[in-house]
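Participant: One structure coming up, written as structure tokens, with questions to follow.
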Amino acid sequence: MKKVYFTITGTNHRYGSDFFEPDMTVTLTKEPDNKYDHEAIKVNVEGLGHVGYVANSVSTVLGESFSAGRLYDRIGDTAEGTVRFVVPGGILCTVNEECLREYPWEEEDA
């Protein structure tokens, strides 16, 4: 299965981003009742709780990462991810493979 990347954004409204490190685990939780975005996915870190959101805007999604809207139907109500890169403008992560729903039209990586 192809790796699925996502960007964490909004960290400046919580604890900042200085504590993020590669290989750190994050938990994703859908927020269907979010009054600003019905596809919102909250990002939590054990010990801190809510630290940001999966980016859902062309101005906040980094590189080829999925927006929250593209990721929303690919995961269950919760999922885990792993931090890969901490860069200016966001934190780039992958969704842990076992948390992804497979789509029949996608090809396996060779």
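The values are calculated or read from the model by the stated rules, or taken from the named source; none is laboratory data. Keep in mind the model is a prediction, meaning the values are calculated, not measured. Quick reminder, even Gly has a Cβ in these numbers, built from the backbone with ideal geometry, and neighbours come from all protein chains shown.
Participant: Can you tell me which residue among E21, E39 is charged (D, E, K, R), more than 13 Å from L71 (Cβ to Cβ) and in contact (Cβ under 8 Å) with a residue 12 or more places away in the chain?
Facilitator: E21 is the lone residue from the list that is charged (D, E, K, R), more than 13 Å from L71 (Cβ to Cβ) and in contact (Cβ under 8 Å) with a residue 12 or more places away in the chain.
Residue by residue, here is whether (1) surrounded by fewer than 16 Cβ atoms within 10 Å (Cβ to Cβ); (2) part of a strand (DSSP E or B); (3) touching a helix residue (DSSP H, G or I) at 6+ places or on another chain (Cβ under 6 Å) holds:
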{"residue": "K42", "(1), (2), (3)": "no, yes, no"}
{"residue": "S57", "(1), (2), (3)": "yes, no, no"}
{"residue": "Y72", "(1), (2), (3)": "no, no, no"}
{"residue": "L92", "(1), (2), (3)": "no, yes, no"}
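Participant: Given the conditions (1) exposed (fewer than 13 other Cβ atoms within 10 Å of the Cβ); (2) of a type outside the set (G, A, S); (3) without any contact (Cβ under 8 Å) to a residue 24 or more places away in the chain, which single one is not true for L48?
Facilitator: For L48, the exception is condition (3).
Participant: Still on this structure: What's the number of the condition A40 fails, among (1) farther than 17 Å from L62 by Cβ; (2) of a type outside the set (S, T, N, Q); (3) modelled with pLDDT of 90 or more; (4) over 12 Å from the mean Cα position of the chain (by Cα)?
Facilitator: If we test A40 against (1) farther than 17 Å from L62 by Cβ; (2) of a type outside the set (S, T, N, Q); (3) modelled with pLDDT of 90 or more; (4) over 12 Å from the mean Cα position of the chain (by Cα), just (4) comes out false.
Participant: Can you say whether G81 is within 9 Å of the chain's Cα centre (by Cα) and assigned to a strand (DSSP E or B), as far as the supplied structure shows?
Facilitator: Answer is yes for this residue.
Participant: Whether any residue in region 22-34 is basic (K, R) and either assigned to a helix (DSSP H, G or I) or touching a Gly at 6+ places or on another chain (Cβ under 7 Å) (or both) is what I want to check.
Facilitator: Checked region 22-34: no residue is basic (K, R) and either assigned to a helix (DSSP H, G or I) or touching a Gly at 6+ places or on another chain (Cβ under 7 Å) (or both).
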